[in-house]
1. Among the numbered criteria (1) of a type in the set (S, T, N, Q); (2) under 25 Å from residue 304 (Cβ atoms); (3) loosely packed, with under 13 Cβ neighbours inside 10 Å; (4) in contact (Cβ under 8 Å) with a residue 12 or more places away in the chain, which single criterion is violated by residue 203?
2. Looking at the range 155-167, can you tell me whether even one residue there is touching a strand residue (DSSP E or B) at 6+ places or on another chain (Cβ under 8 Å), assigned to a loop (DSSP other than H, G, I, E, B) and in contact (Cβ under 8 Å) with a residue 40 or more places away in the chain?
3. Name every residue in the range 181-200 that is touching a residue at least 24 places away in the same chain (Cβ under 8 Å) and in contact with a strand residue (DSSP E or B) (Cβ under 8 Å, 6 or more places away or on another chain), in order of residue number.
4. Only one of (1) over 21 Å from residue 215 (Cα atoms); (2) in contact with a His (Cβ under 9 Å, 6 or more places away or on another chain) fails for residue 169. Which number is that?
5. Assess whether residue 211 counts as being touching a helix residue (DSSP H, G or I) at 6+ places or on another chain (Cβ under 7 Å), hydroxyl-bearing (Ser, Thr, Tyr), surrounded by fewer than 18 Cβ atoms within 10 Å (Cβ to Cβ) and more than 22 Å from residue 301 (Cβ to Cβ).
6. For the range 257-283, what are the residues that are closer than 19 Å to residue 219 by Cβ and part of a loop (DSSP other than H, G, I, E, B)?
7. Are any of the residues in the range 31-38 assigned by TED's automatic domain parsing to the domain that holds residue 91 and free of Cβ contacts under 8 Å to residues at least 12 places away in the same chain?
8. Kindly indicate whether residue 225 is modelled with pLDDT of 95 or more, of a type in the set (A, V, I, L, M, F, W, C), touching a Gly at 6+ places or on another chain (Cβ under 6 Å) and within 16 Å of residue 172 (Cβ to Cβ).
Amino acid sequence: MERKIIEKAKNINLMSYIELVLGLVPQRRVSGGTFYFSPFRQESEASLHVSLLNGIWQWYDHGSANRDGGDTVKFVLKLRQCSFKEAVDDLLRFDGSSCENEQTQPVNRSKIDTSRNKMKKIFWARKFYSRLPNNNERLIRRYFTERRLRFYPELGCKVYVHFKDQLSYVTFPLPNPEKLRGLELREICGLDKEIGLTEERKNRKNYGTKTLWVFKRDTSRILVAESILDALAGEVILNDYNISLAALNGVGQVSQLNPLIQSMKPQKIVFAPDRDMPGRETELIAKEIFKRNNVEYEVLETKEKDLFRALHLGKGVNNAYDSKSQTEYLKECS
């Protein structure tokens, strides 16, 4: 591997990588750098220090009294337990800012500004989410059951009452509560409006950064849909409540499937794009990503526009479907 490429990977801003990719929040700032909770073990006292000067990290393992540290590449090597080439490739795929030495190399200011703006949005979303009350489980549970979806407390959903809109929203942390980078807000409305059987359009909002929604279970298999409700409807349609779920939350996020696959390393992906022009275009891009990562995939077709509508409107998709196998359903929808 060329030395120039390796140096470029080493110059990736490690703080941005830690906060944007791992979702870690700074715990303590000192004059020389920042402390984070270590991603290498569970701990109650932040022990990972990243230098502001050159991105060098140091970690003191309180459990074993071992010390470790090094540059950005070594951090990813330890974190991912991968090869040197894989660590470099992982860093080069990251879109964070550069921390190159200003005296020797030019600094891409626009890239740094973009990263800073992204971080501001993420921190704002985390603060917004933390301030939402956590006492509306009954309303949230009803939101899911009225849509014939399973309710999972671990998704971390909360209710947000928007007084200006005079509407209430179910708030989904993205990609999950532990690594929150964005929020998907979906209006709490009737089923007809949710499906699109009325002239009124349901309201949705996105705070923070646009990113995937991920619900990890059996990571050897992932069902990927365009929306969160589609993914949750998909597990009902497939009668598979152990498969991991993911939602793009907009076709523009399809490229994020690449790091998702490399992180979760699934053996198979069931992909369920909407049956419209953007969905078909997204399918073509997704297939290239699946092939590039050598992962088996299957495109789930429905007679309705998406999985959520298929659950409620599709032929043969009803309460009796629970006794059907995945193969029978795919055959019916082909």
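1. Checking residue 203 against (1) of a type in the set (S, T, N, Q); (2) under 25 Å from residue 304 (Cβ atoms); (3) loosely packed, with under 13 Cβ neighbours inside 10 Å; (4) in contact (Cβ under 8 Å) with a residue 12 or more places away in the chain, the one that fails is (3).
2. No, the range 155-167 has no match at all.
3. Listed by number, the residues that qualify are 181, 182, 183, 184, 185, 186, 188.
4. (1)
5. no
6. Selection gives 265, 266, 267.
7. yes
8. So residue 225 passes the test.
The values are calculated or read from the model by the stated rules, or taken from the named source; none is laboratory data. Nothing here was measured: the structure is a model prediction, and the numbers come from that model. Here the Cβ is made from the backbone with ideal geometry for all residues, glycine too, and neighbour counts use every protein chain on show.
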